[in-house]
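Just so you know, all these numbers are worked out from the coordinates, no wet-lab data involved. This is a predicted model, so every value here is computed, not measured. Cβ placement follows ideal geometry from the backbone for every residue including glycine, while neighbour counts extend to all protein chains displayed.
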Amino acid sequence: MFDLIIIGAGPGGYEAAFEAARLGLRTALVEKGDLGGTCLNRGCIPTKTLIHSAEVYEEIRDAGRFGIVTGTPSMDMKAVQAHRKSTVDTLQKGIAARLKAAKVAVSSGKGTIVDAEKKLVRVTGNMGDGAGTAGDDAEAAGNNAGTVGDSADMPGTVLLEAPDILLATGSVPAIPPIPGSDLPGVMTSDEFLFYDGEPLKSLLIIGGGVIGVEFAGIWQAFGTKVTILEALPSLIANMDRELGQSLKLSLQKKGVAVHTGAKVSALTQAEEGICCTFEEKDGERHCTAQAVLIATGRRPYTEGLFAEDCTPGMERGRVLVDEHYETSIPGIYAIGDVNGQFLLAHAATAQGLRAVRHIAGLPDDPKPDWIPSCIYTSPEIASVGLTAAEAKEKGIAAKSHKILSSANGKSVLTLQERGFIKVVYEEQTHRILGAQLFCARATDMVSEFAAAIREEQTMEEMAAVVRPHPSFCEMITEAARVSPPGTLSR
Ligand code: NAD
């Protein structure tokens, strides 16, 4: 018998497993695919390797701006993919080694809850191969502790039992019912991330959310003619309006065609590629491209997860949870994309740690998690806490202070595009409520704001920190400087 069975080995599941093992829980981790989940295999890490290749390509192409004379660079997509693969392999081996060291029993196969009361999980499939499989790690965990037996009537399956189960099964791309979305050359990020053919001449992206704009940045840098079709009036519509507007202008300046308020009605095969028909304010339009990326969101993944009578409360595909991430079935928890609260790797990790500590009987951290959102475009985009509009909606008297990156030495000397940092703070106390960043290193600098919000710091306290010069993070000091030092601090 285990103390905890975790289903899904993405950053939610494997980090929860490390924490559970650290707290002394005998832990089983069930995974049907490769360790690392969407983030490592089909999401954050592969995308960021492509983004890095695109940035290096642009740096070399534009090196003349810094006085360096080079030839014209070219893309070798096979080598780009080889770098992606070796990055993923290295990180995967690291996770497998850490799981082994933590004595987590990794069971390779598909997990199904077959008895919600007794907390029985049936694992079906490819047990026994590779590093970190049931055989190896169950031994590491101590005599196959949690395997209650091969099911005689279902060969190739193993039953695991524990008082608690943590679901961390992630999400899959959601494909809208657009006629022609099954044509060859129409892909989701799951397939497109592995593209190793000749650089594309043209690419049409349906959806101007996070995936859409990150891929637009990559392929525009590679020299592809990119078109984005977004149904809503703005790109990255769930973030601060100014971020979406600034991103649209930046992408357009680089040559990306951005259509917002565009409703796609059909994809058809044409001689020159795939023809997309869409409606805009002024009527029906067409656009043809060599390939189409569908990036219209993701949906929680629960296929085959629950046997009959084992399904917890759900709403539109997502597993409903309380403040401890416990589902409507006591002892069954759900963290990360599968509960649909945030579809972000670091949110899954944070939720997993909280759920495991609750399972282990530790007191809850009374402070809420402030989850930063990051988009790896150029310039980078990041946001944490409230926007000015959200503060207003909540009836909070708030102000915002915006500074431009054009006076920052490091931004100027590295020839960065013009960007900004905006800080939202409570009018009376100057307590920091949120921040929105559109500038180089935004995805690193946002952590300072997350920490400040968590520690309930004022603008003055944030401005009082001495930051190095020259650095991008000097902008944080400037953004927080709204009143003379010493005033309004605790
Ligand atoms: P998303 O929800 O961010 O964006 C999807 C966009 O597609 C929306 O703006 C929506 O209005 C639009 N859309 C939907 N149907 C459409 C249609 N028929 N025609 C035109 N537009 C349409 O989803 P995503 O970009 O697919 O990303 C999926 C999830 O993965 C997100 O929740 C995201 O947070 C996560 N993710 C995060 C990162 C990161 O943190 N950097 C990177 C990639 C993905």
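Distance from the C-alpha centroid of region 183-237 to that of region 399-458: 29 Å, rounded to the whole angstrom.
Is the C-alpha gyration tensor of region 23-131 telling us rounded, prolate or oblate? Criteria: a/c under 1.5 is rounded; beyond that, a/b larger than b/c is prolate, otherwise oblate. Taking the square roots of the gyration eigenvalues as a ≥ b ≥ c, region 23-131 is prolate.
Applying 1/(1 + (r/R0)^6) with R0 = 45 Å to the Cβ-Cβ distance of Leu415 and Ser265, what FRET efficiency is obtained, to the nearest 0.05?
With R0 = 45 Å, the Cβ-Cβ based efficiency is 0.60.
Working ranking of peptides 118-125, 328-335, 94-101 by packing, defined as the average number of other Cβ atoms within 10 Å per residue, highest first, is 328-335, 118-125, 94-101. Taking the C-alpha atoms only, the angle from helix 241-253 to the longest principal axis of the chain is near 70 degrees. Once the C-beta distance of Cys473 and Glu284 is scaled by a Förster radius of 45 Å, the resulting FRET efficiency is 0.40 to the nearest 0.05. Computing FRET efficiency as 1/(1 + (r/R0)^6) for Asp444 and Asp322, where r is the C-beta to C-beta distance and R0 is 35 Å, gives about 0.60.
Dipole check for region 368-468: with +1 at the C-beta of Lys and Arg, -1 at the C-beta of Asp and Glu, and the Cα centre as origin, the magnitude is about 340 Debye. Rounded to the nearest whole angstrom, the semi-axes of the ellipsoid equivalent to region 256-399, taken from the Cα gyration tensor as √(5λ), stand at 38, 24, 14, largest first. Straightening the chain between Met154 and Val56 buys 30.1 nm, computed as 0.36 nm per residue apart minus the Cα-Cα spacing. Extension gain for the segment Glu191 to Asn238, taken as residue separation times 0.36 nm less the Cα-Cα distance, is 14.4 nm to one decimal.
Here each label is just a point 7 Å from Cα along the line to Cβ, and for Asp309 and His83 those points are 5.6 nm apart.
In the chain, what % of DSSP beta bridges are antiparallel (nearest 5)?
Within the chain, antiparallel bridges account for around 65 percent of the total.
Report the paramagnetic label zone for Glu272: residues of region 220-244 whose backbone N is under 19 Å from a point 7 Å from Cα along the Cα-to-Cβ axis. The answer is 220, 223-229, whose backbone nitrogens lie closer than 19 Å to the label point. Taking the Cα atoms only, what angle lies between the long axis of helix 77-101 and the longest principal axis of the chain, rounded to 10 degrees? Between helix and principal axis, roughly 40 degrees.
Once the Cα atoms are used to define both axes, helix 345-359 deviates from the longest principal axis of the chain by about 40 degrees. Measuring between their Cα centroids, region 76-93 and region 241-292 lie 31 Å from each other.
Pull out a ≥ b ≥ c, the square roots of the eigenvalues of the alpha-carbon gyration tensor of the chain, then state rounded if a/c is under 1.5, prolate if not and a/b is larger than b/c, and oblate in the remaining case.
oblate
Each of Thr477, Ala450, Gln428 was scored by the projection of its Cα onto the charge dipole of region 412-490, and the greatest displacement toward the positive side belongs to Thr477; charges sit on the C-beta of Lys, Arg, Asp and Glu.
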